[in-house]
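The values are calculated or read from the model by the stated rules, or taken from the named source; none is laboratory data. This is a predicted model, so every value here is computed, not measured. Note that each Cβ is placed from the backbone with ideal geometry, even for glycine, and that neighbours are counted across all protein chains shown. When the accessible area is computed, the model is the full protein with side chains, heavy atoms only, and any ligands, DNA or RNA have been set aside. Shrake-Rupley method; radii C 1.70, N 1.55, O 1.52, S 1.80 Å.
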Amino acid sequence: GCALIPHITVAITSISDQWFMTPLPETYTLKYYQMMWQQGLAATGIKNSFLFASLSTVVDLVLGLCLAYIITKKLVPFSQWLDALVMVPLALPGIVLAFGYVVTYTGTFLDPLNNPIPLLVIAYAVRRLPYMVRAAIAGLQQMHQALEEASEMMGASKFHTLRKITIPLVFANLIAGGLLCFSYAMLDVSDSLILAMKDQFYPLTKAIYALYLEQGNGELLACSLGILAMVILSICILTSSKILGQKMGELFKG
């Protein structure tokens with residue numbers, strides 16, 4: 001209950017019109033939810049986050065499936081170490097990685113001061129790759145090996161078997177993993193705050209931070225964007241849980 005107090009406060013603030021020295025707002029309004037689609041910085045943050053998160057999710061889908069296939073089928077002798085290596089981004093603080101990107105790529109063609117989009121997409125993808133890999137591995141481990149063997153015995157190539165047999169059977173896991181990657185990329189804080197240095201590249205979380213510091217309606221707009229972020233995260237997590245069911249909690253076991 002106490003953990004929900006900040007969320008409730010943000011929700012009430014986002015619909016408050018007059019609120020001063022009273023337990024609850026005197027009047028309520030939804031105008032800030034309308035303004036966030038029209039106000040420059042807020043609208044830019046929403047658009048940028050959807051773009052960056054979508055691109056990083058595509059990267060995670062491709063890389064995650066390939067890595068999960070290699071790990072599950074033990075196509076390389078050090079597959080167990082590869083599995084552990086994929087999990088490393090979960091153990092590293094995001095702000096440390098973000099500063100590392102800035103130090104490494106400043107002055108190069110990937111300089112975030114000029115255009116942070118490539119680095120933001122890479123950073124989002126790397127940080128969320130473990131979710132996709134574990135979701136794909138869970139699907140591959142539940143798939144019966146005989147189905148792939150039957151396809152190959154009939155003369156199908158490994159790529160054809162992967163495309164026609166393997167991917168359709170683990171498609172639900174890929175969708176669930178993709179939703180997790182997308183939602184957490186949408187709400188990334190550390191990479192967004194450090195790498196996005198110009199207004200036109202601000203993602204959602206950086207826009208919330210910038211608006212909160214503005215005088216006037218900035219704080220109320222920031223709260224509206226915060227509620228939007230919570231709704232997106234809730235929808236993605238609930239949908240992933242619905243797709244995976246009880247298997248949701250088993251993704252990071254083993």
| query | Where a Cα-Cα gap under 20 Å defines reach, which aspartates and glutamates qualify for Lys242, not counting those fewer than 8 residues away within the same chain? | reply | Glu250
| said: How would the stretch 1-72 be classified by its alpha-carbon gyration tensor: rounded, prolate or oblate, with rounded meaning a/c under 1.5 and the a/b versus b/c comparison settling the rest? | reply: oblate
| For Lys158, net neighbour charge (Lys/Arg +1, Asp/Glu -1) across residues whose Cβ lies under 14 Å away | 0
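Using the heavy atoms of the protein chains and a 1.4 angstrom probe, tell me the accessible area per residue for the chain in square angstrom.
On the way: 13690 Å² over 254 residues.
Dividing the accessible area of the chain by its residue count gives 54 Å².
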| message | Could you order the peptides 8-15, 195-202, 145-152 from most to least packed, using the average number of other C-beta atoms within 10 Å per residue? | response | 195-202, 8-15, 145-152
| Where a Cα-Cα gap under 16 Å defines reach, which aspartates and glutamates qualify for Lys74, not counting those fewer than 8 residues away within the same chain? | Asp83, Glu148, Glu149
| request: Mind giving me the FRET efficiency for Ile175 and Val231? R0 is 22 Å, r the Cβ-Cβ distance, nearest 0.05 is fine. | output: 0.70
| How much accessible surface area, in Å² rounded to 10, belongs to the heavy atoms of Leu187 with a 1.4 Å probe? | 40 Å²
| query | Rounded to the nearest 10 Å², what accessible area does Trp19 show when all protein chains are kept and the probe is 1.4 Å? | reply | 90 Å²
| query | How much accessible surface area, in Å² rounded to 10, belongs to the heavy atoms of Phe99 with a 1.4 Å probe? | reply | 110 Å²
| remark: Summing -39500 (n - 2.57) over every DSSP H run of at least 4 in the chain, dividing by its residue total and rounding to the nearest 500, the 222 nm mean residue ellipticity is -21000 deg cm²/dmol
| query | Which FRET efficiency value, to the nearest 0.05, is calculated for Ser54 and Lys242 with the Förster distance at 22 angstrom and r the Cβ-Cβ distance? | reply | 0.55
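Once fully extended, how much extra length lies between Lys31 and Gln200, figured as 0.36 nm per residue of separation less the alpha-carbon to alpha-carbon distance?
On the way: separation 169, 0.36 × 169 = 60.84 nm, distance 2.37 nm.
Stretched out fully, the Lys31 to Gln200 stretch lengthens by 58.5 nm.
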| request: Please work out the Cα center distance from the stretch 168-183 to the stretch 72-132, rounded to the nearest Å. | output: 20 Å
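What do you reckon, how do Ser241, Ser183 stack up by accessible area (1.4 Å probe), largest on top? All intermediate terms of the calculation are to be shown ahead of the outcome.
Numbers: Ser241 40, Ser183 0 Å².
Sorted by accessible area, descending: Ser241, Ser183.
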| note | Of the DSSP H helices in the chain, the ones reaching 20 Å or more along their long axis in Cα terms and averaging at least 0.0 in Kyte-Doolittle hydropathy are 40-73, 117-142, 171-186, 218-244
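Treating only the Cβ atoms of Lys and Arg (+1) and Asp and Glu (-1) as charged, compute the dipole magnitude of the chain about its Cα centre; round to the nearest 20 debye.
Numbers: 15 positive and 14 negative charges, 133 e Å.
Roughly 640 debye for the chain.
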